[in-house]
1. Given the options Ser103, Cys88, Leu28, identify the residue whose Cα lies farthest towards the positive end of the charge dipole of segment 11-182 (+1 on Cβ of Lys, Arg; -1 on Cβ of Asp, Glu).
2. So what is the relative contact order of segment 201-309, in percent, for Cα pairs below 8 Å that sit 6 or more residues apart?
3. Can you give the extra length, in nm with one decimal, that the chain gains between Asn646 and Gln240 once fully stretched, where that is 0.36 nm per residue apart less the Cα-Cα distance?
4. Among His640, Ala466, Leu399, whose Cα sits farthest toward the positive end of the charge dipole of the chain (+1 at Cβ of Lys/Arg, -1 at Cβ of Asp/Glu, about the Cα centre)?
5. When you count, for each residue, the other Cβ atoms within 10 Å and take the mean per peptide, how do 771-784, 701-714 rank with the highest first?
6. Rounded to the nearest 20 debye, what is the charge dipole size of segment 531-611 about its Cα centre when +1 sits on each Lys and Arg Cβ and -1 on each Asp and Glu Cβ?
7. Which of the lysines could a cross-linker bridge to Lys142, judged by Cα under 17 Å and excluding same-chain residues fewer than eight apart?
8. Please state the shape class of segment 11-182: rounded when a/c is under 1.5, otherwise prolate if a/b exceeds b/c and oblate if not, all from the C-alpha gyration tensor.
Amino acid sequence: MKPRYVRRAPWAALLVILSIGVAQAADLGISQFRVRGPAGGNDEFVELFNGGSKALDLSGYKLNASNASGTTGTRLTLPAGTSIPAGCYLLLTNSASGGYSGSVAGDAKYSTGVTDDGGLALLDGSGQMLDQVGLSAGSAYKAGTPLASLGSTNADKGYRRKTDTAGLPINTGDNQADFDVVAPTAPHNSASSCVVLGQSLSIADASATVRGAANVNMHFTVTLTQPAPSGGVTVHAATQDGTATVANGDYEALETTLSIAEGQTQAGFNVVVHGRTTASEDKAFEVKLSQPSGNVPLARDTAMGAILYDIPVPAEIWQIQGRDQVSLLVGKSVTTTGNIVTAVGPSGFTMQTPDARADADPLTSNGIYVFTSTAPAVAVGDVVNVDATVDNYYQLTELKNATVAVTSHGARLPAAVKFDENIPSSDPNKLSCGATNFQCFVGMRVVIENGMINTGNKRFSGEPFAEVSITANGKRSLRLPGVRFGVPVPDGVQLPNWSGNPEVFKMNTADFGAVPLNTPYVAGSTFRAEGIISYDFGAYTFIPTTITLKHVAEMPRPVSPTAPYALRIGALNTERFCDSDFNTTFTCSGNSKEPTADEVALKTQRLSAYIGSVLQLPDVLSVEEVKSVALLQGLATQLHDDYRANYQPYLLPGHDPSGINVGFLVRSDRVHVVSVQQLAADETWNDNGQTAFVHDHPPLLLTAEARGVRFQVISVHPKARTNVDKDDSSATRDRQKRFLQSTSLARQVQSLQTAAPWQPLLVVGDFNAYQFSDGWVDVVGLISGKYKDSENLLKLGRNIVYPALWNAVESVPQNDRYSFLFTEKFGQIQGYTQAGSGNSGREVPTVQVLDHALLNQVARLRFLKMQYGRADIDAPVQTEADAATATDYRKAIGVSDHDGFVVDLFVPGRPGDMGHAPHADPQGSNGHDDDQGHGRGH
């Protein structure tokens, strides 16, 4: 049976204990603050007041803040030389956009705001808490009962600390008792008049830490606000029991008369606190002042004496970790012995319980990180004893202030947990660690035999090739069927929720030296690795100690060359291929201005590299998000210069207010174009009382012949998914528009295949939809004739297209079924608290198919294969940035936010038909609504 350990004393019992500092809050504290003002959420200030008798040096003092979920951060560190005289103020103000609007100038500025329901704390240079105030129960900073949030209405309203009859701030250790609402606010700064404090006496709180059997002295200080007059001042002081009692031997009673000599302002005395050798709750007693001479008023007559018991607790690692992210022993000293070092980093090491002593509870971890701040003097396989303090570092339980003793070397490492297709779980209702998928493995050895790199490296300041997203089951993080995770399945829809891929986690490859810092990784690469599970600023993270790549994905990864007997048809969303002219309702670029001529030229060169070297010069290429036929002509010219391929551009303007359209590039040496026409370009609908076009990018129909075979291709780019998963009027409107667009196109498809059932027909492009229903409108299913009312909120009745079209995506290997990368943000769930500097919680990079090829039966009979060219989705961010200056085919990397595809049809040709294309040399030369088009997200 596990021994029981005493928890820290309840918060309410230690209200004052937690506010104790070297400079007491009665002397220096938060006297007034506002976290929202008339100018908005950043219209903030924090007023500090020195209620003591001496000037205070505030060099290195910190203003910290918390949100309502307990996530904390430093907003401001006061520079060296900052001070505040007795009775004077210092004003801290928010300088961010929409920041502090008051007429009283701030003395020091910060740039990150405080949430309306968060909290504030004042810390000294060593990080010791001096004062704190909260606006919610969830704030990490609060004292006693927190204040009520003043809401999200912009108004000049804040909180001001109450004062006593002597003009000193009141600090009872309970925020609700100490502050009043003030409206309007009236902040003071260093130039404001200082308060002339009358003569009064105060006693400050004190604390003492017991770490063993030895007695310790707890020193109390009594202060006069002005130097003592002739003859001095005396005052009686006596201890009074609280949770600490004399009878129980916690401390020694004291009753004394204290004298403050003429001209002095302070005097002090000690209370003896008894030592002990067993763990205990923290306790407290009081010291009461009375009988001051000369009728000097007592501004603060009672002080709290806090006895903090920090007696090392003998504990196994699993007892320190517990089942939750925050250990029950946080803040306590522990002694843990005979554990094995499993990984060593530049600032600490991980250790794990030997297998023979491992905990039988699968929900507690047997590993932990020991923070040493400098390179630790241990090696993997060392057996160590550690005396340390349990800390919670951004939700990672770790040991700090550690004394480490190595008792032996070369121990056999504990068996590693195998991460595979079952662990971590892919079922959010049956997570591997109960409420999370990884908490019970934090600090432990893990082996991944079949790892998959899901994204290329992120890029951070100073670290161009940073973390990657991975899975341990050998599968890409694919968007799977169902309604978005976390969104209720609508009534009448027989679909489950998509899981949200809880098995996805991140990998920091260089932290333990497995590879050099800034090692690039391309998504699609597979690996074997051993390492440690950790928790890194809000997200579970794998840190390898060894890693071996089993398959190294290329970047770019071109499709295979076109076979002599094949007709190649492809599609590519060019991601806003725009010119320099701002002659549309909104910018084509989607930014504040259009690209420069040089930027247009570079984009043209990079698209040429993608089409020529990655897609291998398709015979027909549908292009989406292109502004004009002139741009396409420039691209055709570039392709001729780079690859000696003859392309003819086709584009008819649509109705998008940012000017993006669909078009075609056609190999005039291999394909004869019969006609190009828009479909249903003039169809309208009632858009919230306004008559509007159904299609912002009207489908474009190409009729052509190649080697004696006539065929048709429809280029499409329906409305984006931007709002469809929401629960508001914009979602209702967008779902309806997507439904109408799909229905319109389905009628056109059916008309075409009815008129010429012998003719191959393909519908290709960026469908802004998955190959399955999202629960609202199955765009692909409706256009292909496979719509199921039971799986969609909007009902169709009978399918329009018959025979149904076939989606060639079904022929692509499962792990390769993607053309777009989208990061789903699911909030603070499953143990995830935040990502980066925001509070978005769990962020999952998800790959998904948005770019499809639908084939009628005749086209399917000629189908050979479908391939996605890889140059965009899988590249590290820094590699994409570097590609702009490449002089070869790598210039294609990152040119779009989609990967294009090609479909090959069997068209062998006859004598005298147009010739075959030369194969491209991959080493050669180189909105508004949907209305807003398609950017980096849905």
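Only the coordinates and a few stated rules stand behind these numbers; no lab work does. What you are looking at is a predicted structure, and each value in this text was computed from that prediction instead of being measured. With ideal geometry, Cβ positions are generated from the backbone for all residues, glycine too; neighbour counts draw on all protein chains shown.
1. Ser103
2. Numbers: 275 pairs, mean separation 44.0, N = 109.
Averaging sequence separation for qualifying contacts and normalising by length gives 40 percent for segment 201-309.
3. Numbers: separation 406, 0.36 × 406 = 146.16 nm, distance 9.62 nm.
Full extension from Asn646 to Gln240 adds 136.5 nm.
4. The Cα lying farthest towards the positive end belongs to His640.
5. Values: 771-784: 25.8, 701-714: 19.9.
Result, highest mean first: 771-784, 701-714.
6. On the way: 7 positive and 8 negative charges, 78 e Å.
So the dipole magnitude of segment 531-611 works out to roughly 380 debye.
7. Candidates past the 8-residue exclusion: Lys62, Lys162.
8. Working: a/c = 1.36, a/b = 1.12, b/c = 1.22.
Taking the square roots of the gyration eigenvalues as a ≥ b ≥ c, segment 11-182 is rounded.
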